[in-house]
1. Quick one: in the range 27-61, which of the residues that are surrounded by 21 or more Cβ atoms within 10 Å (Cβ to Cβ) and charged (D, E, K, R) is farthest from the chain's Cα centre (by Cα)?
2. When only residues in the range 286-338 that are in a loop (DSSP other than H, G, I, E, B) and within 19 Å of the chain's Cα centre (by Cα) count, which is surrounded by the fewest Cβ atoms within 10 Å (Cβ to Cβ)?
3. Scan the range 1-26 for residues that are in contact with a helix residue (DSSP H, G or I) (Cβ under 7 Å, 6 or more places away or on another chain) and surrounded by fewer than 16 Cβ atoms within 10 Å (Cβ to Cβ) and jot them down.
4. From the list Ile176, Ile200, Ile248, exactly one residue is touching a residue at least 40 places away in the same chain (Cβ under 8 Å), crowded, with 23+ Cβ neighbours inside 10 Å and in contact with a strand residue (DSSP E or B) (Cβ under 7 Å, 6 or more places away or on another chain). Which is it?
5. Going by the structure shown, is Phe237 touching a His at 6+ places or on another chain (Cβ under 8 Å) and hydrophobic (A, V, I, L, M, F, W, C)?
6. Out of the range 143-175, which residues are part of a strand (DSSP E or B) and closer than 25 Å to Ile244 by Cα?
7. What are the residues in the range 146-173 that are surrounded by fewer than 22 Cβ atoms within 10 Å (Cβ to Cβ) and of a type in the set (Asp, Glu), if any?
8. Can you name the residue in the range 203-245 that is modelled with pLDDT under 95 and among the small types (Gly, Ala, Ser) and is also surrounded by the fewest Cβ atoms within 10 Å (Cβ to Cβ) among such residues?
Amino acid sequence: MMPIAKPFLGEEEARAASEAILSGWVTQGPRVKEFEDRFASYVGADCACAVSSCTTALHLALYALGIKAGDEVITVSHSYIATANSVRYCGAIPVFVDIDPDTYNMDPLLLEAAITPKTKAILCVHQVGMPCDMPALLEIARKHDLKVVEDAACCAGSEIMIDGQWEKIGRPHGDIACFSFHPRKVITTGDGGMLTTNNIELDATFRLLRQHAMSVPDTVRHSAREVIFEEYPVLGFNYRMTDIQGGIGIEQLKRLDSLIEERRKLAALYTELLQDLPVVTPLEPEWCRSNWQSYQIMCPGVAQKPLMQGMQDVGIATRRGIMCAHREKAYAGSEICRVPAAGLPVSEQTQDHGLILPLFPGMSEADVHQVVQELAKLLV
């Protein structure tokens, strides 16, 4: 079976994990700190804080910004359910807006109509590695004095043009950006996440809250010459990354640029080979550079599940278009979320007719040809 995705891990990552294990310091420690420093430098952020997942990163981001019960956060339903869940963890209401059919990201033209006196933040999603139109979103956010959190789960290494300069997603362009290191992402630590910000006070809050709000980090306490009793001034969480993961992350980050280069070549080949088929290939606007975390096409007028089954029958894994949270039972009811009166037609169509094709490091050009050939047979 040709997988939809596959992490690229080698001897370097295995050695880094082994060194962490043999060091005796396996929970959050010096390797996590080094990974944070390297990641911040890579994306151009002042601060980076590692956590256990992107879901915990999103929760911490909103929590640190003061999002609470009764508040509203504008976001998209068209995302993995963790995006909406992070809003609910704060007791707030996710207010869904539809997506741009070209980029599958939040449509800035629909944003302002969703703002109410209860709106406190915008949680945009850089979907499948394709950056949002951040200048347009930020202009509206500043006009209405709203905080901006970027769900950059899929977007490590992607770039956006800001004031004529290419900048990495994660710089950040809003208040906070949150990343995932799940195995389906471009780089992985098994699982894990990262928050980046240029606000040192927010970063300090992340670091406090991720470790049960312990007043003195255990790295400091264990290295002190005098006995220190820690305190717990506020409610915190156990959202730490381990040093085993941190060591792996350091090695993965060294590979990131080469992994993206390979993905871009594979994506370009897909786009070339798919031109004569009745599908819609993804659009990369001239103002952004995707890392091509996933390659999603649209197959209008085609029954999605039989098409996917046909591909699976010949040994090729696919995935349906990105899910819509508002369609899940957990989000049934107006008290849980808010959907516009016009509905979310583009989001739903993208879920129902989208098809994600295999794309991963080590995939050959022959593999891409095979995927397109088998797809063509089924679309006839």
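1. Arg31
2. Here is the first cut: in the range 286-338, the residues in a loop (DSSP other than H, G, I, E, B) are 286-287, 290-294, 299-303, 314-315, 317-318, 321-323, 328, 332-337.
Then drop every residue that is not within 19 Å of the chain's Cα centre (by Cα), which leaves 290-294, 321-323.
Details: Ser290: 28, Asn291: 28, Trp292: 26, Gln293: 24, Ser294: 27, Gly321: 23, Ile322: 23, Met323: 18.
Selected residue: Met323.
3. Glu12, Glu19, Ile21
4. Ile176
5. yes
6. Residue satisfying the conditions is Asp151 alone.
7. Once the filter is applied, which keeps residues that are surrounded by fewer than 22 Cβ atoms within 10 Å (Cβ to Cβ) and of a type in the set (Asp, Glu), the range 146-173 yields Glu159, Asp163, Glu167.
8. That would be Ser223.
The values are calculated or read from the model by the stated rules, or taken from the named source; none is laboratory data. Because the structure is a prediction, the values reported are computed rather than measured. Backbone-built Cβ (ideal geometry, glycine too); neighbour counts: all protein chains shown.
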